[in-house]
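So the structure is just underneath, and the comments pick up after that.
The values are calculated or read from the model by the stated rules, or taken from the named source; none is laboratory data. What you see is a predicted model, and the numbers here were worked out from it, not measured in a lab. All Cβ positions, glycine included, derive from the backbone under ideal geometry; neighbour counts span all protein chains shown.
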Amino acid sequence: MAIQAQLYSDNIGFPICGSLDLIDNGCGLVGAAAGFNQQISSQLQQLQQFQHLQNQHQRDQTFSFGSTNNNRESIMFEKQRYEIDQFIKSQNERLRLLLQEQRKQQYEVLVKKIESKASFLLRQKDEEIVKARNKTMELQNMLKKLEMENQAWQRVAQENEAVVVSLNNRLEQVREEQASCRFNNGVDDAESCCECEDNNEGIMETKGNGSFAAVDSSNQRQEEQEEKTTMVCKCCYCRNSSVLFLPCRHLCSCKDCATFLDSCPVCRTPKKACIEALIS
């Protein structure tokens, strides 16, 4: 605008020099016309130049205004983009927090379920362990009881074996004594007969020896009778005694009667066990 005002102030009005020359020289119309034409052409050139400058100035102003608008738009665009970025960031952060909170809640629910299930299983296992422990204690007590019973029966068996051995030894001794007694009686009879034949003694002496032999035979029969009486069953008095009662160790019953007896028929001691003696 300052350039336009300057150009307009420089070109306002027409110069008056030509008219003054015309007045002074009265015959200078041709020169005046030529000068006038020259002035007009120069003024036209100045007007064209002014118009050109004015157009250029307008173009400059338009360009400057457009560039200003572009700058404003770019600034506004940058601002909007920044605001959008900030909004997106805030929404992303909010979404991240929501997802994190949701995941945390899911984890808590899952952990609670797992803890409840694990506690139930642990209680169940503890109950099973307690039951197994009680069962183990019962089995151990039963095993100790069985071991004690086994030891007791082993002691009883050893005692019975000792009793059987002693009884067998006693029976052997009795048999040997009986055999020796019979052998001695036979020898005595043979000697008495030989003496009678060798010495040719009288009838009285023979009768005396016969009386002694009769006494010996009667004693032998009495011993056999006593032995039979001793070996007979003290319950039925029919069969021989073949069962040994414990703990009194009396051989006083047959096998059939021993099953019905609760105590020894000799000493009335309660029967704890009985053993069959093998007597041939």
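Would you check if residue 138 is assigned to a helix (DSSP H, G or I) and modelled with pLDDT of 90 or more?
Yes: the conditions hold for residue 138.
Output the residue which, of all residues in the stretch 241-280 that are assigned to a strand (DSSP E or B) and small (Gly, Ala, Ser), is farthest from residue 170 (Cα to Cα).
Here the answer is 263.
Pairs, please: C-beta under 8 Å, at least 6 apart or cross-chain, first residue over 12 Å from residue 278 (Cα atoms) and in the stretch 156-183, second surrounded by 11 or more Cβ atoms within 10 Å (Cβ to Cβ) and polar (S, T, N, Q)?
Within 8 Å, the pairs are 181/220; 182/220.
For a quick check of your reading of the model, give me the residue pairs whose first member lies in the stretch 95-114 and is without any contact (Cβ under 8 Å) to a residue 12 or more places away in the chain, whose second is surrounded by 10 or more Cβ atoms within 10 Å (Cβ to Cβ) and in a helix (DSSP H, G or I), with beta-carbon atoms closer than 7 Å and at least 6 apart or on different chains.
As it stands, the answer is none, since no pair meets every condition given.
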